[in-house]
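J.: Please read through the structure below; I'll follow up with questions.
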Amino acid sequence: MRSSNPVFTRRGFSRDGGYAGFNAGPQPQTGNPYAGSPANPYAPQPGNPYAQPQVGPDGGYAPTRPNVMTIDSVVSRTAITLGAVVASAAVSWVADLPLAAGIVFALVAMGLGLWQSFKREPSPPLILAYAVTEGLFLGAISNAINQQVPGAAMQAVIGTMAVFAGVLFMYKQRIIRVNARFTKFVLAAALGFILLSMVNLVALMIGGGNGLGLRDGTLGVIFGVVGIILGACFLALDFKMVEDGVAYGAPEKESWLAAFGLTLTLVWIYLEFLRLIAILQGD
């Protein structure tokens, strides 16, 4: 299950080269890093009951083997991770955490996120620590913007939920198809978006004012919309990762990695919505 989300790029789960649909059962092929490998506990081999569906004594399917990634495990881990983000954001908001402190927590969250991204195994404590520090930052910046633009935070939450629901529906209906071309396009667009953002930040720090003007005015609105669209594309890639992981019978611990990646993407979308609303409704 391969995704262009930075969290998932080092994971090798993939079907049909990492881009095909997910209705067929796991098969040994070049896109599956576990297929044909002696160290692969999921590859078809003698004595492996998970290589293909098994028929039980009553003629039905045998029970699913334990300790594997399932939709339920992904949903529960994502709920825990997002719950930590929301809870810490609420604490930050109620405590009226200064924006400067929020930025410090954002830097800490970035460090924790990068640490997890480069780890070989998902670490629940590390992921939850990221969620808490990210939430403290979101609460601070949301409160600051909401004081200038009342209702902005709630509108950003609603917008994020709408994008999530819309992308999930289109993905399930195969309106969005995650293939090689789609993935390459998203990667290229995201790289360009991030580079432009960095250049804009440098220009802002050196020259002051509005930098390149990418975060306010008409250009800022366009840039914000592009950011939201990119976030939606990352969601589709994340759904593909989850789908393939479940189909391959990935270890249950990978559910934490899926939750982490989905949280990163939803935070991205929320921040872009918050910035866009501030531009549209600000003075």
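Where a number appears in this text, it was derived from the coordinates with a stated rule and is not lab data. Just so we're clear, the structure is a prediction, and the values are computed from it rather than from any experiment. Note: ideal-geometry Cβ built from the backbone for every residue, glycine included; neighbour counts use all protein chains shown.
J.: For labels at F118 and A162 in the simple 7 Å Cα→Cβ model, what's the distance in nm?
T.: Simple spin-label model gives 3.9 nm for this pair.
J.: Using per-residue counts of other Cβ atoms within 10 Å, averaged over each peptide, order 166-172, 79-85 from highest down.
T.: By packing density, highest mean first, the sequence is 79-85, 166-172.
J.: I need the phi-derived Karplus couplings for segment 152-158: 6.51 cos²θ - 1.76 cosθ + 1.60, θ = phi - 60°, integer Hz, Gly and Pro marked x.
T.: After applying 6.51 cos²θ - 1.76 cosθ + 1.60, I find 4, 5, 5, 5, 5, 4, 4 Hz.
J.: Give me the orientation-averaged projected area of the Cα convex hull of segment 75-174, in nm², one decimal.
T.: Convex hull of Cα atoms, orientation-averaged projection: 7.5 nm².
J.: A follow-up question, please. Restricting attention to the alpha-carbon atoms of segment 228-283, what are Rg (one decimal) and Dmax (integer), both in Å?
T.: Just the Cα atoms of segment 228-283 yield Rg and Dmax of 14.8, 52 Å.
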